[in-house]
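Just below is one structure, and these are the notes that go with it.
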C-alpha cells in the first residue's frame, strides 16, 4: 500500500547519500514550555483512546530526537480516531471534523523537477492550553497530477515525554516519505537523530 504513487520513470531508483553530522549542544531545539505542557495534557486526555493515533509533524519528530522547530502539535490517526479524539477533546474543539484537501507550501523535488504536493484527510483542529492541535484522519498524499497515495498507515513508536509514554509516527516512515518527495534536508536531520540514538548523547563530544 504505497503512501506515494509516483511513476517509475520519474522515481529515483537509489536515494542519494546524505552526509550527516551530530549537531553541537548549542544547536539542539526542544519543545517550548507551552507546547510541552500541551503535549503532556494531550497524552493524559487520550490515554484511553482506542483507535490508533500518534504524534506527527514537526513536534512528533522533535520528541523523537530530530533537530527541528515546532510551533504546533499534530496527530495522525484514522477517520474513526479523529471522531473519538473530537469527542474526548470536545471542550477544546475549534474546527469540527470533516474532509479537507489542501496544497502544501513546499513542493516535491523529483528528478530535479518541482511538483506540487497535496494532502487530504478527515481533519479537526483544537486548542490545548492555547496551543494549536491538528488531527488528521486517514491522511493521503498526492504528488503532481498522479494518483493519490493510500492512507498513511504505521506501527507507532513510543517515547517518553516527562512521565508520559507517547505514541509517535516512526522515523522510518517519515524517511521513506521524505526520500520520495525529494526533501533530503529532512532525511539528513532524521539520519542525525538516528546517529545519536545509536551512539548515545556523548557521541561526537
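By per-residue mean of other Cβ atoms within 10 Å, what is the highest-first order of 62-68, 141-147?
Top to bottom by mean Cβ count within 10 Å: 62-68, 141-147.
Between residue 79 and residue 94, what is 0.36 nm times their sequence separation minus the Cα-Cα distance? Round to one decimal in nm. Can you show the working numbers first?
Values: separation 15, 0.36 × 15 = 5.40 nm, distance 1.73 nm.
Computed gain between residue 79 and residue 94 is 3.7 nm.
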Checklist outcome for this item: Expected sort for 128-139, 107-118 on mean C-beta neighbours within 10 Å, highest first, is 128-139, 107-118
Checklist entry - For the pair residue 172 and residue 146, how long in nm is the line joining their label points, each one 7 Å along Cα→Cβ? => result 2.2
Item to check | Calculated log₁₀ intensity ratio I(q)/I(0) where the Debye formula runs over C-alpha points of region 114-205, q = 0.18, 0.20, 0.26 Å⁻¹ | outcome: -1.09, -1.22, -1.35
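Between residue 44 and residue 72, 0.36 nm times their residue separation minus their Cα-Cα distance comes to what? Don't jump to the answer; show the numbers that get you there.
Numbers: separation 28, 0.36 × 28 = 10.08 nm, distance 1.77 nm.
Length difference between fully extended and current span is 8.3 nm.
Nearest 5 percent is fine: what portion of the DSSP beta bridges confined to region 28-199 is antiparallel? Please report the intermediate quantities before stating the final value.
On the way: 32 of 38 bridges.
So the antiparallel bridges amount to about 85 percent of the total.
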Checklist outcome for this item: The exposure ranking of 181, 104, fewest beta-carbon neighbours within 10 Å first, is 104, 181
Item to check | Tensor-based shape of region 28-199 (alpha-carbon gyration tensor, a/c under 1.5 rounded, otherwise prolate or oblate) | outcome: oblate
Checklist entry - Modelled label-to-label distance, residue 109 and residue 160, 7 Å Cα→beta-carbon offset: nm? => result 3.8
Item to check | Relative contact order %, region 28-199, counting alpha carbon pairs below 8 Å whose residues are six or more apart | outcome: 23
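Bear in mind these aren't lab numbers, they're just calculated from the coordinates by the rules spelled out. Owing to the predicted nature of the structure, the values given are computational and were not obtained by experimental measurement. Note that we place each Cβ from the backbone using ideal geometry, even for glycine, and neighbour counts take in every protein chain shown.
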